[in-house]
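Asker: Attaching a single structure in structure tokens format; questions to follow.
What follows is calculated from the coordinates using simple rules that are stated; it is not laboratory data. All of these numbers come straight from a predicted model, not from anything done at the bench. With ideal geometry, Cβ positions are generated from the backbone for all residues, glycine too; neighbour counts draw on all protein chains shown.
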Amino acid sequence: MTMKRALIAVVGVGLLVALVAVVIAWQPELDKVDAGRVTDADQSEIARGYDLAQLGNCESCHTAADGEPYAGGRAMATPFGTIYSVNITPDSETGIGTWSLEAFARSMREGVDREGGYLYPAFPYTHFTKMSDADIAAVHAYLRSIPAVRHEAPENDLPFPFNIRLLMAGWNLLFLDEGPLDPVDGQGEDWNHGRYLVESVAHCGACHTPRNAVGAEQSDAALAGAEIDGWYAPALAGDGARGWSAPQLATYLTTGFSRAHGAAAGPMGETVGNLSKVPPKDIAAIATYVASLTDDDAGPIAVVDNGVPDDLAPTHALWVGACAGCHEPAAGSGPGDTNPSYGIALSTGYAVHSPRPLNAVRTIVDGVDHYRDMGGPYMPAFGGSLTADQIADVTRYVRARFSDAGAWSDVDDTVQTALGQKREGDGQ
Ligand code: HEC
Ligand code: HEC
Ligand code: HEC
């Protein structure tokens, strides 16, 4: 065979493979219907749909800063570029007002939109696919009961080749494990309901499970802890996980504060804001399941106070002025044993113990303010009032004073990154 013929053969085979791929990947457009305002669903289905939408953070992700609820446009930074959430209100032109239940269910189960286009997994359909038919129908009913808003989300900002949606057909083949979740025999109803919610609509793994190079969750490291938006979502299962009892978890997940563990800040604070609206039965089930993944006998973290670190003596004045009023151990009566707004024993929280300074730095930069309406923990944001050096020094101070683990090595870089990511105003 000459060189030319060999080349033609290679190109030919390549084209054939591409053609086969397109044929396999092709998804039909589903008919437009007037899904419009909900009329045929009963109120209890809509009410359950509301609960599931809270469990699924649908509103948080589908609402832009200062935008109308569910009208889309919130930017999500991914390693591949910026993806914007879209309008899922029942508007017939810019929302999903023309989507039948079949079209909606296909998007949740297969990540394909009504027109047959592939969606990106920034939309956690890899979890929603595990929902039952009845739960998907309830969310659809709820979304048809909310006000329609005319609003077009901005175009995604994804470089080539990530802007080719068809690539997701191959990605799904490799990483999408489609279909509802079967219960595990021999486990109680509560445990199974919790596992179902965690794996499906509540998509805890979307933040707590590390991802591979092409952005898929690593199935052999489920809930093993992962970095997300400049925060670290700690391990909930396996070696790195801390001991949590089910009642501690239930309190943490609905109030954002656990006496034994501290506050939920950053993305977890937003999640807690939604979970606080969910029926206690669902929360208790989630808590039962998650507690079963951790070693409950790990016991409480000992309270540590090593005193003012010698090499950080100058930082002590900053601590006294800016932090001690709420965090100086003498100001409270014990480890988190007081009003959650002051007297927190920093040594018992995750942030100061973590192998990474991410959460301590982000908490100091952004503060804790998700719970203002709930009367829960509050800490002011220091990102605008302290310099980068002061934030780094006070971070080293809390680590040296309230933890027996060694000093963090990458504090300065973490502070620079956190100042770049700091929240603009309230919410996101
Ligand atoms: C982590 C953020 C996030 C969460 C949580 C989330 N979504 Fe989305 N969703 C997105 C993004 C981003 C897209 C657009 C994906 C794309 O452009 O490929 C999307 C797309 C969709 C679409 C396709 C709409 C269209 O016009 O193509 C539907 C339907 C949808 N989401 C419903 C939901 C529901 C219901 C929930 C809650 C159960 C939910 N989403 C939770 C981020 C999210
Ligand atoms: C949007 C991302 C996100 C989602 C979704 C999410 N988490 Fe988190 N979670 C985080 C982050 C970030 C932290 C660390 C917060 C902090 O340090 O204040 C965290 C912290 C936690 C903690 C505290 C762990 C510890 O040992 O200190 C628990 C428990 C937890 N999450 C459980 C859950 C459960 C259960 C779900 C699903 C119902 C869930 N999370 C969903 C991001 C998320
Ligand atoms: C108005 C009271 C207040 C002030 C002032 C304050 N904090 Fe906080 N801080 C809190 C509350 C409430 C929490 C959440 C409860 C918790 O996590 O223990 C918190 C949480 C933290 C955490 C995370 C603890 C964890 O593991 O969850 C760190 C680290 C922290 N603060 C450091 C500081 C530093 C450093 C300063 C001074 C620059 C400061 N705080 C000033 C009230 C305050």
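Asker: Can you show me the helix-derived [θ] at 222 nm for the chain, built from DSSP H runs with n ≥ 4 at -39,500 (n - 2.57) apiece and divided by the number of residues, rounded to the nearest 500.
Answerer: It lands at -12000 deg cm²/dmol.
Asker: In degrees between 0 and 90, to the nearest 10, how far off the longest principal axis of the chain does helix 246-255 point, with axes built from Cα atoms?
Answerer: Taking the Cα atoms of the chain, the angle to 246-255 is about 80 degrees.
Asker: Using a cut-off of 12 Å between beta-carbons, work out the net charge of the residues near HIS193 (Lys and Arg +1, Asp and Glu -1, HIS193 not included).
Answerer: Local charge sum for HIS193: -3.
Asker: Order of 317-327, 389-399 by packing, highest average Cβ count within 10 Å first?
Answerer: Packing order, densest peptide first, comes out as 389-399, 317-327.
Asker: Let me ask you something else. Can you give me the long-range amide H partners of SER100? Hydrogens built in the peptide plane at 1.01 Å from N, cutoff under 5 Å, separation of 5 or more residues or another chain.
Answerer: Counting only residues 5 or more places away or on other chains, the set is VAL33.
Asker: How many nm separate the modelled label positions at THR387 and ASP410, each set 7 Å beyond the Cα in the direction of the Cβ?
Answerer: 2.5
Asker: How about LYS130: which lysines have a C-alpha closer than 26 Å to its C-alpha, ignoring those fewer than 8 places off in the same chain?
Answerer: Within reach: LYS32, LYS277, LYS281.
Asker: Can you give me the P(r) profile for the chain? Cα pairs, bins 20 angstrom wide beginning at 0, each as a whole percent.
Answerer: Reading the bins upward from 0: 23, 52, 21, 3, 0.
Asker: Same structure, new question: List the residues, sorted by chain then number, that are 5 or more residues from THR63 or on another chain and whose placed amide H is less than 5 Å from its amide H.
Answerer: Those lying under 5 Å, H to H, from THR63 are TYR70, GLY72, ARG74.
Asker: Based on the mean of other Cβ atoms within 10 Å per residue, sort peptides 195-203, 107-115 so the most packed one is first.
Answerer: 195-203, 107-115
Asker: What ranking do 137-143, 225-231 get when scored by the average of other Cβ atoms within 10 Å per residue, highest first?
Answerer: So the peptides 137-143, 225-231, ranked by packing, come out 137-143, 225-231.
Asker: Also: What angle, in degrees between 0 and 90 and rounded to the nearest 10, separates the Cα long axis of helix 266-275 from the longest principal axis of the Cα atoms of the chain?
Answerer: Roughly 70 degrees, rounded to the nearest 10.
Asker: Now for a separate question. Could you tell me which of rounded, prolate or oblate describes region 198-298, using a ≥ b ≥ c as the square roots of the eigenvalues of the alpha-carbon gyration tensor, with rounded for a/c under 1.5 and, failing that, prolate when a/b is larger than b/c and oblate otherwise?
Answerer: Since a/c reaches 1.5 and a/b is larger than b/c, the shape of region 198-298 is classed as prolate.
Asker: Enumerate the residues in region 139-162 having an amide nitrogen under 20 Å from the point lying 7 Å beyond the Cα of ASP34 toward its Cβ.
Answerer: 141-150
Asker: Based on Cβ point charges of +1 for Lys and Arg and -1 for Asp and Glu, what charge dipole magnitude is obtained for region 310-421 about its Cα centre, in debye rounded to the nearest 20?
Answerer: In total the dipole reaches around 180 debye.
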